[in-house]
Every structure is written in C-alpha cells, then in structure tokens.
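Take a look at the structure below.
The values are calculated or read from the model by the stated rules, or taken from the named source; none is laboratory data. Just so it is clear, the model here is predicted, and its values are computed rather than measured. With ligands, DNA and RNA removed, areas are computed over all heavy atoms of the protein, side chains included. Shrake-Rupley method; radii C 1.70, N 1.55, O 1.52, S 1.80 Å.
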Amino acid sequence: MREIVTFDAYGTLVDFKLNAPTAKLLKDRIAEVGVDTQQFLDTFNVLRFQAVVEPYRPYAGPVQPRSRH
C-alpha cells in the first residue's frame with residue numbers, strides 16, 4: 001500500500017466541527033434514551049479520536065446507496 005500525505009488548509013477534514021450537526025441530528029434520540037447531550041458529545045469525540053489514531057481498517061462490505069423513501 002502507498003503512503004500518502006495530505007493537508008487541510010481550511011480545517012474541513014482535520015478539525016471538522018461535528019458536535020453541532022451531530023447534536024442537531026440526534027437530539028430527539030438522545031433525549032428519548034435519557035442521555036445528557038454534553039456527555040454524549042464528549043464520548044462521541046473520544047470515539048472519533050480513537051478511530052483516527054487506530055490503524056486503517058478498510059470497509060469490508062459493499063456500499064449501499066441510501067434509500068429515498
């Protein structure tokens with residue numbers, strides 16, 4: 001496998017701010033199960049960081065197009 005170096009001049013990939021869109025998208029589900037939103041986002045950030053520092057894991061299955069129902 002080739003090693004590739006990339007850079008992100010605008011922070012869209014390296015420091016993408018996911019807390020606001022994640023909270024907006026999942027707010028009803030988070031409330032439904034009674035989890036504190038900030039606690040959820042803190043855990044979410046840890047999981048995202050762990051995924052970045054782990055060795056690359058290619059997706060094993062076929063990519064399915066999203067249903068438009």
message: Can you pull out every residue in the stretch 27-52 that is in a helix (DSSP H, G or I) and open to solvent by 90 Å² or more (accessible area, probe 1.4 Å)?
response: LYS27, ASP28, ARG29, GLU32, GLN38, GLN39, LEU47, PHE49, VAL52
statement: Per the filter on the stretch 36-69, residues of a type in the set (Val, Ile, Thr) and modelled with pLDDT under 90 are VAL52, VAL53, VAL63
